[in-house]
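Student: Dumping the structure here so I can ask a few things about it.
The values are calculated or read from the model by the stated rules, or taken from the named source; none is laboratory data. Since this is a predicted model, take the numbers as computed values, not measurements. As a convention, Cβ positions derive from the backbone with ideal geometry for all residues, glycine included, and neighbour counts pool all protein chains shown.
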Number of protein chains: 2
Amino acid sequence: MDVTKTSDNLRALLAEDKDAEIRDICNSFHPAALADHFEHLEPEERVQVLQCLDPLFRAELIGHLDPNTQLDTVEVMPDAELARTVTNMSADERVDLLKLLPDERVEEVLRTVAKAEREDILRLGAYKEGTAGAIMTSEYVSIPPDITAREALDKLRLEAPNKETIYCAYVVDNKRRLLGLISLKDLIVARGHSLIEDLMTKEAITVLADEPQEEVARKLSQYDLIAIPVVNGNNTLVGIVTFDDVLDVTEAEATTDFHRIGASGSLKESLRDASLGLLYRKRVPWLLILVFINIFSGAAIARYEEVIEAYVALVFFLPLLIDSGGNAGTQSATLMVRALATGDVQLRDWFKLLSREVGVAAAIGLSMAVAVSFLGIYRGGAEIAVVVSSTMIIVVLVGSLIGMSLPFAFTRLKLDPAAASGPLVTSLADIAGVLIYFGIAAWYLDLPLVAAA
Amino acid sequence: MDVTKTSDNLRALLAEDKDAEIRDICNSFHPAALADHFEHLEPEERVQVLQCLDPLFRAELIGHLDPNTQLDTVEVMPDAELARTVTNMSADERVDLLKLLPDERVEEVLRTVAKAEREDILRLGAYKEGTAGAIMTSEYVSIPPDITAREALDKLRLEAPNKETIYCAYVVDNKRRLLGLISLKDLIVARGHSLIEDLMTKEAITVLADEPQEEVARKLSQYDLIAIPVVNGNNTLVGIVTFDDVLDVTEAEATTDFHRIGASGSLKESLRDASLGLLYRKRVPWLLILVFINIFSGAAIARYEEVIEAYVALVFFLPLLIDSGGNAGTQSATLMVRALATGDVQLRDWFKLLSREVGVAAAIGLSMAVAVSFLGIYRGGAEIAVVVSSTMIIVVLVGSLIGMSLPFAFTRLKLDPAAASGPLVTSLADIAGVLIYFGIAAWYLDLPLVAAA
């Protein structure tokens, strides 16, 4: 169905107070699909539509809205209604929602929700952004080790409506220390009177609450888990992270890395809806930094002004040569940044990869040198061709080594390797390129240097 | 445990033929974790170790190896053993494994597996790489609509050991057309005598077998599904794609886009283990193409040789100005490529985003112009400062517009938008930058042009 058509329909029905029809239209959608239509309504209209819906459907719908739409909507929602909605939302989604709101509003809302939920919200909300704790939910099923499979199944059945997943039950002792886990698959296949402690998998794959989200994603993906239990230092179970949240994290992390490698700040919001001011703030800082780095290329050129005056034809090859170094470096950097992000490559692999990079870059540089040598002869004669070709080999080599090493250096310095962006590598390769090019030219063509810039 | 230590242990035990101890060591690992250790053994050693393991554990272990290790291993494995292994592997993983092997070997192996499995392998293997069909599995549970919840549960219990997931059962008619689905959660909560057709969700979210994998990932992620049913044009159920495969696809797609935006060919293998020759082949083509594009920057410079001879100081600002255009363009391109890949931005959004881009780029260009104007005055006086600053505004604007438009143009031409890489945008922005810079300089400083390059 057309997106604007549905929102227009809803708007028309709102004007006529046809609550039942609004509910019918909404119920004909999956909440995740209705969320797309919802974004085309004004915040006040959204609140009115929400009032027509069943509480659970309403909570699920709000959970599927993107953060900006969530914020716009709950800002115009009365406190009492927000509290009711929060109560019905899943434990991890409501924490994400409340994090968008100012502290006073959160306090106001929390005052009216039940004590157990309030404590749960505060506990989950306390974990640092980017950690396992920040994406986990407290809605899992835990069972003691000394009950039977049949009793465990009964408990799962009873708790099913309120849990994020019942496809895995976590076995804990009376201090909530994680002893093991059992999948619903194993439970329904097992004999009813078998004890959980005999059936459970004892060596559960876990993550610590303060481990980074990338690590959660890596483990869940490596072991093909529906959910991964989160424990604290004492092996006490504090929550689980489900596969759907990991999918979101994986996508968000890749997006952040993309933005960084493109030398812009990470944009958490939708690019389509981002404001001009936001984009300006995210993009301008790195560009200004790069301007200052590029001044060194200029300084390098100033050093060789007399070489340029003697052979203006050399300028012809300048963009070609410095870009080639930058391009080869960008390739290396991008390959490395991604390999470091996925865990394919580790810090300790640097030296091994360095020697291979020298080989690859030398081969690439040689191929490109051959390609430009003809152009060199045609434009400037044999002497220029020699200068241009030998420069090409060296700039590609140097650019590649800068590109491959920078992500490692950043990782070592505990910076995000993705900040070793294409433009940064290009700018550094440019400075090296100018020095190498005019240095070789001055030496080979036997020209004097200017004393200083 | 240390990775090399485990592989050394296994190697020592192999020499002494201690099969039972080898099995014990291996069984102490999750197959996914053992896979990491396995890569440190020689192919022949791997086959020897595999012979000590239980058939199911062996099949699962092979499924967790990366494609290169899989290939090395099965290449030295006898046909009969490979056939046994294939029989025990999951339906989608064995197809992926067999696709690595030459056709004759596959025929040899298929000859010895049971007819039903052979047909299943051929059917799944027929779907085009990159489609839903290529990642789906045939191991799902299907049930008729006219049985009770209890009967459905019994069927799930019975089929559990051989199915990829039993957490969702697919309801089909006698022609295997998909009527709906029911989750195991709903099944165990339901009354035992209720009919499936009354319990099932009728509006199942599905994908077509020839839809691209990105679309599968997007739907599964949007609707938080454990698995998504794959149908053909007649709504006949042909398979399911499970969340773990979608996680792998999401990661692989992001990696491909990363490599493309870095202007190298997509590398499916591990970067750590990639050979020098492979890296050369993946990286050199784009670099050579870019060399030829960069020649146009040279040609543009040649056109302005007299301007340069008159004002050598202009060369000082050349890398700075052309890089700034390239950097702003790379930012735009990277933001757009990612937004198009995640579905945040669509082809039809181009015009709306274009007008915003003009605003953002003008603001960024202005900021950068202010930054370089001081340098211009210092290095070349007021006249040069005017030329450099006004050039900066225009190159940033032009670079940004090239960067934001190229991914859309590529999408429109049914090319991968990620091929609108940073280096390509940089090279195009360079040509524009040279023309704008020297064009403004010649006009403002009132200098003659060379007639032709």
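Student: Give the number of residues within region B:330-362 that are more than 9 Å from every other protein chain (Cβ to nearest Cβ) and farther than 13 Å from B:Met404 by Cα.
Tutor: Final tally of qualifying residues: 3.
Student: Would you check which residues across region A:242-266 are at the interface with chain B (Cβ under 7 Å from one of its Cβ atoms), assigned to a loop (DSSP other than H, G, I, E, B) and either free of Cβ contacts under 8 Å to residues at least 40 places away in the same chain or surrounded by fewer than 17 Cβ atoms within 10 Å (Cβ to Cβ) (or both) and list them?
Tutor: A:Ser264, the sole residue that qualifies.
Student: When region B:267-310 is examined, which residues are found to be in contact (Cβ under 8 Å) with a residue 12 or more places away in the chain and acidic (Asp, Glu)?
Tutor: Across region B:267-310, the qualifying residues are B:Glu269, B:Asp273, B:Glu305, B:Glu306.
Student: Tally time: how many residues in region A:330-348 are surrounded by fewer than 17 Cβ atoms within 10 Å (Cβ to Cβ) and assigned to a helix (DSSP H, G or I)?
Tutor: Taking region A:330-348 first, the residues surrounded by fewer than 17 Cβ atoms within 10 Å (Cβ to Cβ) are A:343, A:346-348.
Subset that is assigned to a helix (DSSP H, G or I): A:347-348.
Residues in region A:330-348 being surrounded by fewer than 17 Cβ atoms within 10 Å (Cβ to Cβ) and assigned to a helix (DSSP H, G or I): 2 in total.
Student: For region B:182-226, name all the residues that are within 13 Å of chain A (Cβ to nearest Cβ), within 18 Å of A:Ala160 (Cα to Cα) and in contact (Cβ under 8 Å) with a residue 12 or more places away in the chain.
Tutor: As a first pass, look at region B:182-226 and keep what is within 13 Å of chain A (Cβ to nearest Cβ): B:183-192, B:201-206, B:214, B:216-226.
Next, only the ones that are within 18 Å of A:Ala160 (Cα to Cα) stay: B:183-192, B:201, B:224-226.
Hits for region B:182-226 are B:Ser183, B:Leu184, B:Lys185, B:Asp186, B:Leu187, B:Ile188, B:Ala190, B:Arg191, B:Gly192, B:Thr201, B:Leu225, B:Ile226.
Student: A further question on this structure: Look through B:Gly376, B:Gly365 and report the one residue that is at pLDDT 90 or above and more than 8 Å from chain A (Cβ to nearest Cβ). Show your work before the answer.
Tutor: On the way: B:Gly376 fails: at pLDDT 90 or above.
Checking each option against the conditions leaves just B:Gly365.
Student: Let me ask you something else. Which one of these is of a type in the set (Val, Ile, Thr) and within 14 Å of chain A (Cβ to nearest Cβ): B:Ile121, B:Ile166, B:Ile143, B:Ile147?
Tutor: Unique residue meeting the criteria: B:Ile166.
Student: Another one. Tell me, which helices (runs of 4 or more DSSP H) wholly within region B:24-86 include 3 or more residues that are more than 32 Å from the chain's Cα centre (by Cα)?
Tutor: Filter on region B:24-86 gives B:43-51.
Student: Continuing with the same structure: When you scan region B:27-44, how many residues do you find that are closer than 20 Å to A:Gln346 by Cα and either surrounded by fewer than 19 Cβ atoms within 10 Å (Cβ to Cβ) or of a type in the set (Gly, Ala, Ser) (or both)?
Tutor: 6
Student: In region B:268-278, how many are closer than 27 Å to A:Asp323 by Cβ, at the interface with chain A (Cβ under 7 Å from one of its Cβ atoms) and assigned to a loop (DSSP other than H, G, I, E, B)?
Tutor: Selection size over region B:268-278: 1.
Student: Another one. Applying the selection to region A:281-301, what residues are surrounded by fewer than 18 Cβ atoms within 10 Å (Cβ to Cβ) and at the interface with chain B (Cβ under 7 Å from one of its Cβ atoms)?
Tutor: The one that is surrounded by fewer than 18 Cβ atoms within 10 Å (Cβ to Cβ) and at the interface with chain B (Cβ under 7 Å from one of its Cβ atoms): A:Leu288.
Student: For region A:317-328, state whether one or more residues are over 15 Å from A:Val395 (Cα atoms), at the interface with chain B (Cβ under 7 Å from one of its Cβ atoms) and in a helix (DSSP H, G or I).
Tutor: No: region A:317-328 contains no residue that is over 15 Å from A:Val395 (Cα atoms), at the interface with chain B (Cβ under 7 Å from one of its Cβ atoms) and in a helix (DSSP H, G or I).
Student: Could you tell me whether A:Glu164 is at pLDDT below 90, closer than 30 Å to B:Leu153 by Cα and of a type in the set (D, E, K, R)?
Tutor: Details: at pLDDT below 90: yes; closer than 30 Å to B:Leu153 by Cα: yes; of a type in the set (D, E, K, R): yes.
Considered against the rule, which asks whether it is at pLDDT below 90, closer than 30 Å to B:Leu153 by Cα and of a type in the set (D, E, K, R), A:Glu164 comes out as yes.
Student: With A:Gly359, A:Gly381, A:Gly365, A:Gly343 as the choices, which residue is on the phi > 0 side of the Ramachandran plot and over 32 Å from the mean Cα position of the chain (by Cα)?
Tutor: After ruling out the rest, the residue left standing is A:Gly381.
Student: Would you confirm whether or not region B:227-241 contains a residue that is facing chain A (nearest Cβ under 7 Å) and not basic (Lys, Arg)?
Tutor: First, the residues of region B:227-241 that are facing chain A (nearest Cβ under 7 Å): none.
For region B:227-241, residues facing chain A (nearest Cβ under 7 Å) and not basic (Lys, Arg): absent.
Student: Of the residues A:Thr85, A:Thr112, which is surrounded by fewer than 16 Cβ atoms within 10 Å (Cβ to Cβ) and in contact with a helix residue (DSSP H, G or I) (Cβ under 6 Å, 6 or more places away or on another chain)?
Tutor: A:Thr112
Student: Consider A:Gly422 against the criteria (1) facing chain B (nearest Cβ under 8 Å); (2) at pLDDT 90 or above: it satisfies all of them except one. Which criterion is unmet?
Tutor: (2)
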